[in-house]
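Structure, as structure tokens:
The values are calculated or read from the model by the stated rules, or taken from the named source; none is laboratory data. Note that the structure is predicted; figures quoted are calculated from it, not measured. So basically every Cβ, Gly included, is an ideal-geometry build from the backbone, and we count neighbours across all protein chains shown.
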Amino acid sequence: MRAGRGTTPARDRAVVLGGSMGGLLAAYALADAYDQVTVIERDTVPDGPHPRKGVPQGRHTHALLAGGHLALEEMLPGITDELAAEGAPIGDTLGDSRLYFGGHRFVADHGGLSLVSVTRPRLEAAVRRRVAERPNVELGPPAEVVGLKVAEGGRRVTGARVLVRGDDEGGDEVALAADLVVDATGRGSQLPRWLDEMGVGAPAEEKVVVGITYATRRYRLDEDVLDGALACIEGPTPEAPRGGGLSRVEDGVWLATLGGYGDDAPPADPDGFEAFARTLPFPDIADALADGEPVDEPMRFRFPAGVRRRYDRMRHLPHGLMPVGDAVCSLNPLYGQGMSVAALQARTLRRELVERGRSTVAAARAVARVVEDAWRMSSAADLAMPGVVGRRTRADAVMGRYVARVQRAAATDPSVARAFMRVAGLVDRPTALLRPAVVATVLRR
């Protein structure tokens, strides 16, 4: 048995509920702190990089931001080389992309921010392979989580109850004892309800109703499309609240994703999809698709609202419980932050439990706070859009006007472009945009 420092309880077994990116990375981190780690996933996981039912957005464009990539490579050394060997293009975010934010095309510059252009199934399969190689990690059979085991009047979680699927319609309920239970079950997490039923109370929630719909279609394009760039991003603005992205991924395929707020949704029929692309403020994506060869039909996905559950503010968060990923904060996928936040949370989890030997409650609060910058940035950007519902503050409005000037300056000044992308990529905190050198440059423009 591994014993932590101070009052840290026994660390015999951790159970991770959910086997997507957040759960897999948490399991990898916990393998350094617990004798046994068991991952419970309700899906039958495919062999290799294939979409699965439990991740309906998995076919759409996903981003691994620079900060998330740094955390992932730190935890899983060599993962970038593995992805490159499997065909994922690797480049520089500013140097190998066409970036339009705030209605301005950012100046091209090799600023040292990594660009890993990979599909979600490919990345998840690579991470799952690494997790499966850990001798003390067990990837369990498909099972549905039905509840928690608790003790001490709800002050401690001691395990999870799962329904293991059999060959028939039903299954057998199994109680899994654990010193730590990680909730990585995603946006549909039942943890708030369970905590309320335990008498602990559900966490407070912050919510931004965005009602965004996006559609994705795969293409084969000429090698010289976009003048050799690996990606193009056209961010929406309040004046033109439509956006899109085009990125080259493995197997020589390009993913084209278009999105709009409210009723302004991209069509799912081929002609309507490409017509929507032609309405974007800049022609890059539409021009690239015009001569492309479609690989499949457009697929749509609707994201109703971003939700942040404030587990970090709970007075009586039970011991032995760790919410992570979308179970803590479900972010607008338009900004591509989700997988990177999962990697940053896993790195924090390892630091707090393994390196610092802190209690599970202290570690859970630290992990929950990781989402702060991503949530504030995505929420502020969304609340600038017409029709989005959420709490608007004067401070957000002031910062929004300043960020608009930053984006304008980034069209001509490489140092400002680098500063903005380091913040957007979750490498630096938003306060980095307020450094004297950045402010002085922005105000001169």
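Structure notes:
- Within the range 237-247, tally of residues that are in a strand (DSSP E or B) and hydroxyl-bearing (Ser, Thr, Tyr): 1
- Screening the range 344-380 for residues that are of a type in the set (Ser, Thr, Tyr) and in contact with a helix residue (DSSP H, G or I) (Cβ under 7 Å, 6 or more places away or on another chain) and picking the one that is nearest to VAL307 (Cα to Cα) gives SER378.
- Hits in the range 176-189 - residues which are in a strand (DSSP E or B) and either buried (at least 24 other Cβ atoms within 10 Å of the Cβ) or of a type in the set (Val, Ile, Thr) (or both): LEU180, VAL181, VAL182, ASP183
- Selected residue (criterion: nearest to ASP373 (Cα to Cα)) from residues of the range 392-414 that are within 24 Å of the chain's Cα centre (by Cα) and modelled with pLDDT of 95 or more: VAL403
- Residues of the range 143-159 satisfying the condition of being crowded, with 18+ Cβ neighbours inside 10 Å and of a type outside the set (Ser, Thr, Tyr): ALA143, VAL145, LEU148, VAL150, VAL157, GLY159
- If you go through the range 190-236 and pick out every residue that is within 22 Å of the chain's Cα centre (by Cα) and either under 21 Å from CYS329 (Cα atoms) or part of a loop (DSSP other than H, G, I, E, B) (or both), you end up with 18.
- Test for ARG350: is it in contact (Cβ under 8 Å) with a residue 24 or more places away in the chain, under 24 Å from the mean Cα position of the chain (by Cα) and surrounded by fewer than 17 Cβ atoms within 10 Å (Cβ to Cβ): no
- Verdict on GLU173 being among the charged types (D, E, K, R), surrounded by fewer than 21 Cβ atoms within 10 Å (Cβ to Cβ), over 25 Å from THR257 (Cβ atoms) and within 21 Å of the chain's Cα centre (by Cα): no
- Selection status of ASP183, at pLDDT 95 or above, within 30 Å of LEU383 (Cβ to Cβ) and either of a type in the set (D, E, K, R) or not assigned by TED's automatic domain parsing to the domain that holds ARG369 (or both): yes
- When the helices (runs of 4 or more DSSP H) confined to the range 353-445 are screened for residues that are among the hydroxyl-bearing types (Ser, Thr, Tyr) and crowded, with 16+ Cβ neighbours inside 10 Å, those reaching at least 1 such residues are found at 360-369, 372-383, 436-444.
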